[in-house]
Amino acid sequence: ESDAGDYTCVCGDVQSTASLTVHALPVLFKEELKNEEVQEGTSVSLHCELTKAAPVQWKIGSKVLKASDKFQMRQSGTTAELVIHDLEVEDA
């Protein structure tokens, strides 16, 4: 998308200009989340990979998760990770 704009070819006193529009591809999951079974009191890491870097939001049901001592969110390029610490049965 950052390549979009007006491009001009100049030859002496004459020029030709064209407008370039770049349509963004949608962000898709290259690697989806996987189901996990873990023991109470431990930690788990959930991660997914996108087809291109984009901001993600983590939810449990309809509740948006926020970073805390319990929930740690990381994103590096196209990979997003959620680490849940000190798991309780209620976290399922």
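Mind listing whichever residues of the stretch 55-92 are over 19 Å from GLU32 (Cα atoms), among the aliphatic types (A, V, I, L, M) and open to solvent by 60 Å² or more (accessible area, probe 1.4 Å)?
Passing the criteria: ALA67, VAL89.
Considering only the stretch 20-54, how many residues are open to solvent by less than 70 Å² (accessible area, probe 1.4 Å), more than 21 Å from the chain's Cα centre (by Cα) and more than 14 Å from ALA92 (Cβ to Cβ)?
Total satisfying the criteria: 1.
Return the pairs, sorted by first residue and then second, in which the second residue is open to solvent by less than 80 Å² (accessible area, probe 1.4 Å) and among the acidic types (Asp, Glu), the first residue lies in the stretch 63-92 and is touching a residue at least 12 places away in the same chain (Cβ under 8 Å), the beta carbons are less than 7 Å apart, and the residues are 6+ apart or on different chains.
THR78/GLU49; THR79/GLU49; ILE84/ASP91
The values are calculated or read from the model by the stated rules, or taken from the named source; none is laboratory data. Quick caveat: nothing in here was measured; it's all calculated off a predicted structure. Counting neighbours? That spans all protein chains shown, and the Cβs are built from the backbone with ideal geometry, glycine included. For accessibility, only protein heavy atoms count, side chains too; no ligands or nucleic acids. Shrake-Rupley method; radii C 1.70, N 1.55, O 1.52, S 1.80 Å.
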